[in-house]
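Peer 1: To start, I am sharing the structure in question, which I have written as structure tokens.
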Amino acid sequence: MLVVISPAKRLDEAAISTPNETLPVFQDAANDLAGYGRDLSPKALQKLMGISENLAKLNADRFASFAKASTTENAKQAALFFAGDTYAGLEAATLDGEQMDWAQQHLRILSGLYGVLRPRDLIQPYRLEMGSRLKTKRGKNLYDYWGDTLSNALNDAAAKIDTKTLVNCASVEYFGAVDLAALNLRVITPVFMEQKAGTPKIVSFFAKKARGAMARFMIERRITDPEGLKDFDTGGYQFRADMSDGDRWVFLRDYPET
């Protein structure tokens, strides 16, 4: 199976890349989008991204220094560089070489700037959420920009590992960039919920971390049969068939005590 996750706003500048780095498939598109970002002032970036003045200046500097080619001097591997909640669950730095080899074939990261990334792809520092209304020659936002490109890339990745199933562990914002009409795959979407006082609900922080943990679970067990996902129990989650609907699979646990 193929599994997709979202990127992270936060980056681990101290991340140490492992051998066998690869280059992003859509580097040219990233260069194109970085050019649009470079044309915006810090104030315009602040408005576009809804970020602080300091973050806007930082990202203006990143766009200004964005190089056409990613190298080990100016970039780090995606799965190690991203440092948000999902990546706390994935814990890519603790995967061994063989596990990273499997992840390279079966894990994809959706990205506003890079489109689709493999774990070992070298990426330069950036921040550009998929939901950003960045106007380009292709349209009014990044969904317009990417069109069916992401779906076609996922179809190709799935064909290479001979699977017809995609596990969607990405956020709504990022998976919304995948053109489902162009996607030739069954999509299973795990939903992670916490139960407190008898009421199940989605808690964003926990759900994001669980998505990364699900991706790791697949990597560690080399899961290729969808039914194997139902054994996921990291952090105390349990599959609930009675709460699931079609390919929307619910995993529930008691709300963690703090």
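The values are calculated or read from the model by the stated rules, or taken from the named source; none is laboratory data. Remember, predicted model here, so these are calculated numbers, not experimental data. Cβ sites come from the backbone with ideal geometry, for glycine too, and all protein chains shown count toward neighbours.
Peer 1: Yes or no: region 25-33 includes at least one residue that is of a type outside the set (Gly, Ala, Ser), in a loop (DSSP other than H, G, I, E, B) and in contact with a strand residue (DSSP E or B) (Cβ under 9 Å, 6 or more places away or on another chain). Full working, then the answer.
Peer 2: Of the residues in region 25-33, the ones of a type outside the set (Gly, Ala, Ser) are 25-28, 31-33.
This time we only want the ones that are in a loop (DSSP other than H, G, I, E, B), so: 25-26.
If we keep only those that are in contact with a strand residue (DSSP E or B) (Cβ under 9 Å, 6 or more places away or on another chain) as well, we get 25-26.
The answer is yes; a qualifying residue exists.
Peer 1: Oh, and also: Pairs please, first residue from region 181-193 and farther than 10 Å from Ala210 by Cα, second anywhere and at pLDDT 95 or above and of a type in the set (D, E, K, R), Cβ atoms under 7 Å, 6+ apart in sequence or on different chains.
Peer 2: Between residues of region 181-193 that are farther than 10 Å from Ala210 by Cα and residues that are at pLDDT 95 or above and of a type in the set (D, E, K, R), the close pairs are Ala182/Asp148; Leu185/Lys164; Arg186/Lys164; Arg186/Asp247; Val187/Asp247; Ile188/Asp247; Thr189/Asp247; Thr189/Arg248.
Peer 1: Would you check which residues across region 82-111 are closer than 14 Å to Pro24 by Cα and assigned to a helix (DSSP H, G or I) and list them?
Peer 2: Those that are closer than 14 Å to Pro24 by Cα and assigned to a helix (DSSP H, G or I): Gln104, Gln105.
Peer 1: Looking at Val25, Val4 in this structure, which one is under 20 Å from the mean Cα position of the chain (by Cα), hydrophobic (A, V, I, L, M, F, W, C) and surrounded by fewer than 21 Cβ atoms within 10 Å (Cβ to Cβ)?
Peer 2: That would be Val25, the only listed residue that is under 20 Å from the mean Cα position of the chain (by Cα), hydrophobic (A, V, I, L, M, F, W, C) and surrounded by fewer than 21 Cβ atoms within 10 Å (Cβ to Cβ).
Peer 1: Could you tell me which residue of region 223-245 is farthest from Phe192 (Cα to Cα), considering only residues that are in a loop (DSSP other than H, G, I, E, B) and in contact with a Phe, Trp or Tyr (Cβ under 6 Å, 6 or more places away or on another chain)?
Peer 2: Phe232
Peer 1: Now for a different question. Return yes when Gly89 is buried (at least 20 other Cβ atoms within 10 Å of the Cβ), under 25 Å from Val203 (Cβ atoms) and either among the acidic types (Asp, Glu) or touching a Lys or Arg at 6+ places or on another chain (Cβ under 6 Å) (or both) and no when it is not.
Peer 2: When the stated conditions are applied, Gly89 passes them.
Peer 1: OK, next. For region 59-83, give me each residue that is surrounded by fewer than 19 Cβ atoms within 10 Å (Cβ to Cβ), of a type outside the set (Lys, Arg) and within 18 Å of Ser111 (Cβ to Cβ).
Peer 2: Across region 59-83, the qualifying residues are Ala67, Ala69, Asn74, Ala83.
Peer 1: Do any residues in region 226-243 that are closer than 18 Å to Tyr255 by Cβ and free of Cβ contacts under 8 Å to residues at least 40 places away in the same chain have Cβ atoms under 9 Å from those of residues that are in a strand (DSSP E or B) and of a type in the set (Asp, Glu), where the two are at least six apart or on different chains, and which pairs are they?
Peer 2: Qualifying pairs under 9 Å: Gly236/Asp254.
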